[in-house]
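What follows is one structure encoded as structure tokens, with my remarks underneath.
The values are calculated or read from the model by the stated rules, or taken from the named source; none is laboratory data. Since the model is a prediction, treat every value here as computed from it, not as a measurement. Cβ atoms come from the backbone with ideal geometry, glycine included; neighbour counts cover every protein chain shown. For the accessible areas, the whole protein counts, side chains as well, though only heavy atoms, and no ligand, DNA or RNA atoms are used. Shrake-Rupley method; radii C 1.70, N 1.55, O 1.52, S 1.80 Å.
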Amino acid sequence: MNRKRFVIIMAAGSGTRMGADRPKQFLELGGKAILQKTIEVFLAACPGISVVTVLPEAFIGYWRDYCYKRNFTCPQILVKGGITRFHSVRNALERIPEGAVVAVHDGVRPLVTEKLVAEMFAKAERVPALIPVVPCVDTMKVLSKCKAATGEDVLKAVPGASVDRSMLYGAQTPQIFHSEVLKEAYSLAYDTAFTDDASVVEKYGKSLSYTMGERLNIKITTLDDLTLAEAVMKIREA
Ligand code: C5P
């Protein structure tokens, strides 16, 4: 039997590294907030999906007004974020029932395709935890930051440390889980090593399944990422 589908859209970061007046999930791409673009991919890929949007407390009213003014009427359960991404996910999980399948996706990854989302939800019926990854294409260096005599920060090689690139993959979102597994895993105490949901579920002792992600499914973090995302969207919408 198919599980009821949910997506938790993570958008409670304060992300002001770009120097904008709002966190980056609220900046516009092709005339729409990045966050709206991201949610629309899930609505198109999985009609009827329930959307839980996690926001900074101070922006909940802002987002409500934005959706109203733009006539973006999809029902959303709005949840206030926590001090870290881990705490934000934990808040959202209170709104997710057991026996469901739940995707957790970064609100600043609007370039994920409907195809990947639909295929992942179909596969996630059969496995409890499904994680999209992309192979690492750059040569990786293990370096440590230290101070030069001038007081400047410099990078130095860590003697004897090397990594085999063929074994390295970057993890993306959406990461999709059977909800009872994710809810149990998030009962663990917070650890700074929890940088995504897969790391929490793995620490909890559940095995993960992997699938190929997409190179263009970038997490918009810098101005360069915003420029790239704009260009990709223009090409896709042409
Ligand atoms: O900080 P990082 O780049 O890992 O954030 C990834 C995603 O998690 C972003 O979409 C951000 O809005 C969200 N986040 C959150 N609550 C936090 C910190 C980050 O929802 N406290």
Exercise. Any idea which residue in segment 53-83 is farthest from ILE8 (Cα to Cα), counting only those that are open to solvent by less than 40 Å² (accessible area, probe 1.4 Å) and in a loop (DSSP other than H, G, I, E, B)?
Worked result: PHE72
Exercise. Residues of segment 17-52 being open to solvent by less than 50 Å² (accessible area, probe 1.4 Å), touching a Ser or Thr at 6+ places or on another chain (Cβ under 9 Å), under 21 Å from THR222 (Cα atoms) and not β-branched (Val, Ile, Thr), which ones?
Worked result: MET18, PRO23, LYS24, GLN25, LEU35
Exercise. Name the residues in segment 94-107 that are open to solvent by less than 10 Å² (accessible area, probe 1.4 Å), closer than 15 Å to TYR186 by Cβ and outside any strand (DSSP E or B), would you?
Worked result: ILE96
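Can you tell me which of ARG5, ARG109, ARG90 is within 10 Å of the ligand (Cβ to nearest atom) and either in contact with a Gly (Cβ under 7 Å, 6 or more places away or on another chain) or under 25 Å from MET212 (Cβ atoms) (or both)? Don't jump to the end; show me each part of the working.
Working: ARG5 fails: within 10 Å of the ligand (Cβ to nearest atom); ARG90 fails: within 10 Å of the ligand (Cβ to nearest atom).
Only one candidate passes the filter, namely ARG109.
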Problem set entry | Residues of segment 183-238 satisfying the condition of being within 16 Å of the ligand (Cβ to nearest atom) and in contact with a Pro (Cβ under 8 Å, 6 or more places away or on another chain) | GLY213, ASN217, ILE220, ALA229
For this session: Looking at (1) over 18 Å from the mean Cα position of the chain (by Cα); (2) more than 14 Å from the ligand (Cβ to nearest atom), find the lone condition where ILE96 falls short.
Result: (1)
Exercise. Taking the stated definitions as given, is GLU125 of a type in the set (D, E, K, R), over 19 Å from the mean Cα position of the chain (by Cα) and open to solvent by less than 80 Å² (accessible area, probe 1.4 Å)?
Worked result: yes
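For a quick check of your reading: which strands (runs of 3 or more DSSP E) sit entirely within segment 134-193 and have at least 1 residues that are under 20 Å from GLY213 (Cβ atoms)?
In segment 134-193, the matching strands (runs of 3 or more DSSP E) lie at 169-171, 175-178.
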For this session: State whether the residues of segment 38-51 include one that is closer than 16 Å to GLY81 by Cβ, free of Cβ contacts under 8 Å to residues at least 12 places away in the same chain and among the hydroxyl-bearing types (Ser, Thr, Tyr).
Result: no
Exercise. So which pairs qualify, if the first residue must be in segment 216-229 and more than 20 Å from PRO174 (Cβ to Cβ), the second must be part of a helix (DSSP H, G or I), the Cβ gap must be under 9 Å, and the two must be at least 6 apart or on different chains?
Worked result: LEU226/LYS24; LEU226/ILE34
For this session: Could you please give the count of residues in segment 198-238 that are touching a helix residue (DSSP H, G or I) at 6+ places or on another chain (Cβ under 6 Å) and of a type outside the set (A, V, I, L, M)?
Result: 3
Exercise. Within segment 196-226, can you find the residues that are at pLDDT 95 or above and among the β-branched types (Val, Ile, Thr)?
Worked result: VAL200, VAL201, THR211, ILE218, ILE220
Seminar exercise, completed: Residues of segment 180-220 being within 15 Å of the chain's Cα centre (by Cα) and open to solvent by 70 Å² or more (accessible area, probe 1.4 Å), in sequence order, are THR195, ARG215, LEU216, LYS219
